[in-house]
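Before any comments, here is the structure.
The numbers here are math on the coordinates, done by the rules we state, and not lab data. Treat the numbers as computed from the prediction; the structure is a model and nothing was measured. Using ideal geometry, Cβ is built from the backbone for each residue, glycine included, and neighbour counts are taken over all protein chains shown.
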Amino acid sequence: MRWENQELGVESDDALPGLAKLNNLVRTVRTPEFDGIVFHEILAKSALNQVPGGSKVMPYAWTINPYRGCSHACSYCLSPETSILMADGRQVPLWMVKVGDEVIGTRTVGSYRRYARSRVSAKWDTRKRAYRITLADGTELVASGDHRFLTERGWKYVADAPGNGQRPYLTRSNKLMGFGAGIREAPRPNGVSQLRLLGGLAARDRFFRMTEPAITRKLALEGAAVKSDADLRIVSIEDLGEVQDMIDITTETGDFIANGVVSHNCFARPTHKYLELNVGRDFDSQIIVKVNVAEVLRRELARPKWQQNRHPVALGTNTDPYQRAEGRYKLMPEIIRALTEARTPFSILTKGTLLRRDLPLLKEAAEHVPVDVAMSIAIYDDELQQSVEPGTPRAKERLATVTAVRNAGLDCSVFMMPILPFLTDTTEHLDYALEQVKASGATSVLYTALHLKPGVKEWFNFWLEREHPELLAKYAELYPEGRTYAPKEYRQWLARRIKPLIAKHGMVRGREDLVTGGVDSSALAKSDAIGGAARATPRAGRPGRGRASRIDADGERRTPLVFFEETDAASVAPEPTLF
């Protein structure tokens, strides 16, 4: 467990694996308003996280992460009795499937989606509100509203997003993809009768192996195209009005065959791998909450070393401080008060509209310290946005939050990050996005091309194969094995496209803090104006070792501002940096 700095030395027997070594685990909480999410409340030993700035000399950036994991994302779940097609042709209930088993999923090969072997990498239980989907061939599925199935028009959720959300969802005009449960078909108009075996492809496969027909083309399943004459039209979608026990799995292909139709599964991000939590669903459903973060922060900010320097602090550069969990725990108001009282500059980067709740506090804080606010809005196409970022507010709702920030008298930047090659880099999308950003009243806009770190790259490639298989080859060329960032040529091409559009809409391009990934602190800019080049002077006795330069969004090398000459790393016990 990589929380050595948090460790207090006593083992807790009922904690999750990786948390068992900590006696600062206060309790584990489940609550009806966050169905399917488990909160692990801990007593943090430190609140400030020190992020190296690329040099052994200086400077360091500082962040606060009140949460680990993110409740923005959705969950996908099925009834435990759902039949899953195994790689050997058997169909077994979902509750019998184990991590390491091989099932049948699908892959896109050329122009066709084909059945393929897929290993199960994670499995988990939850409780979700249940819906029953009935198909014309008699197939029935019980799933949560957040589950997705493959239709003739792409992936769709069982139900629309709750509240004012919007996402593609199933209707009676849709047809699912797969082979279904199988029925006995009626005679054809020419009088010829045909028998379809109940049980779908698995039953047919066993039948063919037993009878050894002369025509063998239907014996093989792996590699077969995902097509069928089965009538998989949706007849009804029924809200069962109750919460049921459900299960989901993660597979290598990102899908599996459930009751004879192609079903989506969930993916994890790298953060919880680092914390040794389960890599299937834990990032979205196992949320670590530092319930005493404000109390600890106040102690750290009161230390003489901190008061001497008062480094700018960034929030939201790792996990979102205004994710849904913040609505329950309300950690941010006291964090804001603590930073303000300690006269410490801070910035906030979020996708969450819950930020509006704290605008009076932020306005008051800005009277005493530099406060920088930024809203992350990468995608302005609602359908694409809900596919890439399920569970997050739509662009329209986030833009309204930008307007609210500006009406409160605060500056607010918009992060158009990341720009997705071949998806959101068209002139039409960029022009429309900048028009909306300008209308919101944003004071500046920042952009950069997509970069894919290990772990995130695998998740994104799964998504790309599901949603845009035609782009797989192009992305493989842009992001080959071992490459995180888009090539310099692409970034320069993107700059030539977007800069005239930024000027057209009268926008100002903001600056990103290349260490934390948040908005560049206005405190840094003020110091730059006052201190000039003196801040860039290396520490005495160690000539020539300033802050390392990095490549910016346009593919050009830029040296970040050096704000402070010295820091005492031992003065504040840092938490581990996850990314």
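Can you give the extra length, in nm with one decimal, that the chain gains between T171 and R356 once fully stretched, where that is 0.36 nm per residue apart less the Cα-Cα distance?
So the extension gain works out to 63.1 nm.
Go through segment 462-479 residue by residue and turn each phi into a ³J(HN,Hα) via Karplus (6.51, -1.76, 1.60, θ = phi - 60°); whole Hz please, and just put x for glycine and proline.
Computed from phi, the couplings for segment 462-479 are 4, 4, 4, 5, 6, 9, 9, x, 5, 9, 4, 5, 5, 5, 5, 6, 6, 10 Hz.
How far apart, in nanometres, would the label points at V38 and E81 be if each is projected 7 angstrom from Cα along the Cα-to-Cβ direction?
In this crude label model, V38 to E81 measures out at 2.6 nm.
Quick one: length gained pulling E295 to K453 fully straight, 0.36 nm per residue minus the C-alpha distance?
Between E295 and K453, full extension yields 53.5 nm more.
Compute, for segment 117-162, the length of the dipole vector about the Cα centre, with Cβ point charges of +1 (Lys, Arg) and -1 (Asp, Glu) only. Units Debye, rounded to 20.
Here the size comes out at about 260 debye.
Taking H placed 1.01 Å from N in the peptide plane, check which residues at least 5 places from C412 or on another chain put their amide H under 5 Å from its amide H.
T443, S444
Pairs K290/K488; K123/K396; K45/K351; K98/K156: which are spaced more than 29 Å apart, C-alpha to C-alpha?
With Cα atoms farther than 29 Å apart: K290/K488; K123/K396.
For R114, enumerate residues with amide H under 5 Å from its amide H, sequence gap 5+ or separate chain, H modeled in the peptide plane.
R107, T108, V109, V226
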